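The values are calculated or read from the model by the stated rules, or taken from the named source; none is laboratory data. Here the structure is a predicted model, which is why all the values come from computation and not from measurement. Every residue, glycine as well, gets a Cβ built from its backbone with ideal geometry; the counts of neighbours run over all protein chains shown. With ligands, DNA and RNA removed, areas are computed over all heavy atoms of the protein, side chains included. Shrake-Rupley method; radii C 1.70, N 1.55, O 1.52, S 1.80 Å.
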Amino acid sequence: MTSYQSRAQHFVECDECEDNPANFFCKTCPGNLCEKCKSQHKIRKITKNHEIKEFGTDNEELVDFLYCSDHIRKRIECYCDPCKKPVCTDCIVLFHNGHVVRTISSAYKEIKEEMQTHKDAIDQYFLPKYTWLLGREAKKRSELKKQANKIQKEIRAYTQNIIEMVKSIGEKTVQDLHDQEKNGLRQINETSDELKKKISRLKEIEKNLSGQIKGNPGMQFFTPMNSNLLGEFETFPKTFNYKLHTFQVGRLPSLVAVNYGALADLSIIQEEEDDSESDMFDVD
């Protein structure tokens, strides 16, 4: 109906004054009337008993007052079934001769019924169904967010456990470093203590010798010295260099990256039609 109305529906101006737009039509004349001419139509003796209706009062009645888009002074009177187009008598003679035509009112009723059928299907089935599906998608969105939040908490807890484990390993490694440092310091202290004892003993011998050298010689002066007086000092204590090795970075980062864990891709599975849900939207 909409397609042919856009081509054929041509409301002309008032048939009386041919100036103002027509808002009424006279079913008796017939003719289109503006507000002013309608008032005059009602008071003239010859037309005062005519039946005047306002456009929009009855859509079906208005169809009889549509003008042809090809012949603007001719009202449409029939509907051409093969061409799916409302036509006037001139159109029938010129373009639709031999075509199957029917009354414009019957075509209007049929098209209107078809439109009503589609409207009912939209109101009773399609809109409720799509609205219901939209509501389900909203629930899925909420559920998906809940799942994501739960998994996120699990990942963060798992990550924190790994962090704590790595921290523990790090602390143990630092403790191993301190143990090595203490071991080196202990050995340095032992060597230092030994050297200090030697130095103290040497100073004591040196002081004794200095006293004898500077003092007045006596009979004891000529007592033979111990030939092995400095023997204990001839072999120097072994000394060592100590070096802490730099920290060698292990393969933990790469191993963590490989073995940390992973999420599988989002599963997107088409839902099967649920007959029990579809029945609630059936249109008789």
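Extending each Cα 7 Å along its Cβ direction at Phe236 and Glu114, get the distance between those two points in nm, one decimal.
With each label placed 7 Å out from Cα toward Cβ, I get 11.7 nm.
Could you work out the relative contact order of the chain? I mean the mean sequence separation of Cα pairs under 8 Å and 6+ apart, divided by the number of residues, in percent.
Rounded, it is 11 percent for the chain.
So if R0 is 45 Å, what FRET efficiency would His71 and Thr131 give, r being the distance between their Cβ atoms, rounded to the nearest 0.05?
On the way: r = 47 Å, r/R0 = 1.04.
So, using R0 = 45 Å, E works out to roughly 0.45.
Please work out how much length the chain gains when fully extended from Lys196 to Lys27, using 0.36 nm per residue of separation minus the C-alpha to C-alpha distance, in nm with one decimal.
Stretched out fully, the Lys196 to Lys27 stretch lengthens by 47.1 nm.
Give the dimensionless ratio obtained when the Cα radius of gyration of the stretch 130-284 is divided by 2.2 N^0.38 Å.
Dividing the Cα Rg of the stretch 130-284 by 2.2 N^0.38 Å gives 2.78.
How much of Thr117 can a 1.4 Å solvent probe reach, expressed as accessible area in Å² and rounded to 10?
About 90 Å², ignoring ligands and nucleic acids.
Which pairs, out of Lys36/Lys109; Lys42/Lys74; Lys74/Lys119; Lys53/Lys112; Lys85/Lys119; Lys84/Lys119, put more than 27 Å between their alpha-carbon atoms?
Beyond 27 Å between Cα atoms: Lys36/Lys109; Lys74/Lys119.
What residues qualify as long-range amide H neighbours of Cys17, i.e. H under 5 Å apart, gap of 5 or more or another chain, H built at 1.01 Å from N?
The list, which skips near neighbours in sequence, is Cys34.
With a 10 Å cut-off between alpha carbons and a GNM built on the chain, which of Gln220, Gln180, Gln124 moves the most?
Gln220
Of the listed values (1) 23.4; (2) 19.9; (3) 32.4, grab the one calculated as Kirkwood radius over Cα pairs in Å from the structure here.
Correct label is (3).
Could I have the simple spin-label model distance between Thr89 and Asn183, label points 7 Å from Cα toward Cβ, reported in nm to one decimal?
Between Thr89 and Asn183, the simple spin-label model gives 12.3 nm.
Order these peptides, 68-81, 204-217, by their mean beta-carbon neighbour count within 10 angstrom, highest first.
Per-residue mean Cβ counts within 10 Å order the peptides as 68-81, 204-217.
For Ala22, enumerate residues with amide H under 5 Å from its amide H, sequence gap 5+ or separate chain, H modeled in the peptide plane.
Cys14
Just grab the label-to-label distance for Asp81 and Tyr158, each label 7 Å out from Cα along the Cβ direction, in nm (one decimal).
Label-label distance for Asp81 and Tyr158, simple model: 7.1 nm.
Post the alpha-carbon centroid distance, the stretch 167-222 to the stretch 88-122, in whole angstrom.
Here the answer is 123 Å between Cα centres.
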